Amino acid sequence: MTNKPLTPEIEYRYSNWISMLIDIIKPKNLFLVGGRGTAKTQDIIAKRSIDVIYSLPRGTFAFLSDTYVNALTNIIPNLITGWERQGFFEDMVIDNIRRPGHFVCDKAPPSDFARPFTRASEFTHTISTFNGCLFMIKSLDRPSSNAGISTVHNFGDESKYAAETKLKKSFPTLRGDALLYKESPYFMGMTFLTDMPNPSEGEHDWILRMKSQMDVKQIIATYYQALIVNKIEYEIFLAADAGASPRDLRNLGLRLEREQARLRKVRKNTTFFMIVSSLANIDILTFDYLVTQFNTLDYEEFKVAILSMKSGLEVGARFYAGISDKHYYEDGYDYSFYDRFGLRDKIKQSSEGLKYMEHNQQLDAGFDAGNMMSMVIGQEQGHVIRCLKFLHTLSPDWIPELGEQFCHFFSGHKCKVLNLYYDRAANNYNKAKQDFATQMKHSIEYTKENKQTGWRVNLMSIGQGNISMAEEYDLVNQILGEKNTHLPVLKIDKFECRELKSSLELAPLGKNSRGQIIKIKKSEKLAIKRLPMESTNPSDAFKYFICRPRYLKLAKQKRIYSAGITS
């Protein structure tokens, strides 16, 4: 290919080989597992969704996500960035002058836009395109967002976070008029992408089973037939550019129609499954990127995140043996808060968006210091103790950054009192006010400019003795077992405490040389970036949150029974 455009109207863009392969095959269903840096959202999904828009005019589509908040704050913004890179722009009014574009967000489409076949009464959190397409958000944590929606193609990013059992409930919404869209390869199709899921971290690997849905011979036949069509289209372009006669152009057009008919036939109901590593995008990432990742990541993570290889780790005996699905809740968002924002607003998560947050009550937090600073924040709510939010920083970020995170997320909390529980070692040097607990207290009560934030932090572990691993094991598993009615019921926000969930489920059980139960903490020596999802650090913050003197005492109490003998 020449380095210069054949005409001024042609614009050349880089695309990696897997993206081009998907563009050529145009399968009805796409299931792709791609390594870190393969531009899954901003390139592959962005280009494919634009193609779907042109192929299914006036159709209704859905973007599926594990949570509605993740869709609003991550997936949709990345998608729109990808669209803009492809020259697919938002229709906007700037200084009372309209800049015509391809789509609008959060509002009824302009009068010159086509209307979708599915009539919408509310346009908040929707995208409308110039040719009448309507994009809606569907999430697994907000069933009401799925009600009554009929779609002709579904998209999903980060599918490793989506439980298959819940995802299947959204598939029946795929329906539509086959007469309207019989020419489109995308009609009633699905597009799901993710990086390699790791079940040992609680991720869902259902996408790997989609390989069995692919007919390899059909995909190969589609690929070669698509190349023939692409070649004829290029010949037509060259002929038109060279001023070919109408007769020659007509003959080429007839050839194209015949080959396109063959392509439609062979392409019908295709499913394409592929696993690719980050090497697929090496021209953009560069070899130095791979070297840096190899040197900074643990080899196991490098295998999964970069090479897209399945994890070889297995979960053995667990320290938190009683943890199960019943201890997590998935309905923790108050969407009346998030519904105030549009897709183009800079949406930032806040405690005001948590359904189970008691905004007029004080907060409790467990704090663990180290290369990873961890904080579990929650509340005692009657007989329920609830973990509402997990915050952390990684070195070189430190206590001030964690304090800033806390103040930002809980800026709308009305009762600005925090009871902080922490390791006894965090009291060291407290007379010199250099201990971690005092530093954490200061970072929450004062800004970096030394201005008061309005928060008051109570240090709850002053004078408290060491909490042994055996004590923690006994207390926590009594709570998880829910048989000691004097202890609270534990509930953890599955999405806002994702790192905590992973840490509790992965923390291994062991015994020391004296036969005492211990939590094996080798994972704390992993590469820094692996700590949040794979180390025991978050579980240690949880330890201080839950192992309060009152609970420890209740766990140790023995019920005394008396028996009498009658003659």
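The values are calculated or read from the model by the stated rules, or taken from the named source; none is laboratory data. These figures come from a predicted structure and were not determined experimentally. Heads up, the Cβs are rebuilt from the backbone with ideal geometry, glycines too, and the neighbour counts pull from every protein chain shown.
Here are some notes:
- Flag if S245 is surrounded by 17 or more Cβ atoms within 10 Å (Cβ to Cβ), polar (S, T, N, Q) and modelled with pLDDT under 95: no
- In the stretch 61-82, the residues that are more than 15 Å from the chain's Cα centre (by Cα) and either closer than 22 Å to F272 by Cβ or crowded, with 23+ Cβ neighbours inside 10 Å (or both): F61, A62, G82
- If only residues of the stretch 460-500 that are hydrophobic (A, V, I, L, M, F, W, C) and in a helix (DSSP H, G or I) are counted, the one that is nearest to K389 (Cα to Cα) is L500.
- Number of the exception - V476 against (1) surrounded by fewer than 20 Cβ atoms within 10 Å (Cβ to Cβ); (2) in contact (Cβ under 8 Å) with a residue 40 or more places away in the chain: (1)
- Within the stretch 41-60, the set of residues being under 16 Å from the mean Cα position of the chain (by Cα) and of a type in the set (V, I, T) comprises T41, I45.
- One residue stands out among those in the stretch 488-498 that are surrounded by fewer than 24 Cβ atoms within 10 Å (Cβ to Cβ) and within 14 Å of the chain's Cα centre (by Cα): the one that is nearest to T536 (Cα to Cα), which is R498.
- Counted as qualifying within the stretch 205-324 are the helices (runs of 4 or more DSSP H) with 3 or more residues that are under 26 Å from the mean Cα position of the chain (by Cα) and polar (S, T, N, Q), namely 287-296.
- Test set (1) in contact (Cβ under 8 Å) with a residue 60 or more places away in the chain; (2) on the phi < 0 side of the Ramachandran plot; (3) surrounded by 16 or more Cβ atoms within 10 Å (Cβ to Cβ) - G202 fails condition number: (2)
- Check on C407, part of a helix (DSSP H, G or I) and hydrophobic (A, V, I, L, M, F, W, C): yes
- Test: residue in the stretch 413-423 that is modelled with pLDDT of 95 or more, part of a helix (DSSP H, G or I), aliphatic (A, V, I, L, M) and within 17 Å of V376 (Cβ to Cβ): no
- Boolean, Y320 is farther than 18 Å from S139 by Cα, out of contact with any Lys or Arg (no Cβ under 6 Å at 6 or more places or on another chain) and among the aromatic types (F, W, Y): yes
- Top-ranked residue in the stretch 122-146 [being among the charged types (D, E, K, R) and assigned to a strand (DSSP E or B); ranked as surrounded by the fewest Cβ atoms within 10 Å (Cβ to Cβ)]: R142
- Checklist (1) assigned to a loop (DSSP other than H, G, I, E, B); (2) within 30 Å of K519 (Cβ to Cβ) applied to L343, failing item: (2)
- In the stretch 116-126, the count of residues that are over 23 Å from F31 (Cβ atoms), in the same structural domain as K26 (by TED's automatic domain parsing), touching a Leu at 6+ places or on another chain (Cβ under 7 Å) and of a type in the set (D, E) is zero.
- When I219 is tested against the conditions (1) modelled with pLDDT of 90 or more; (2) under 30 Å from V69 (Cβ atoms), the lone failure is (2).
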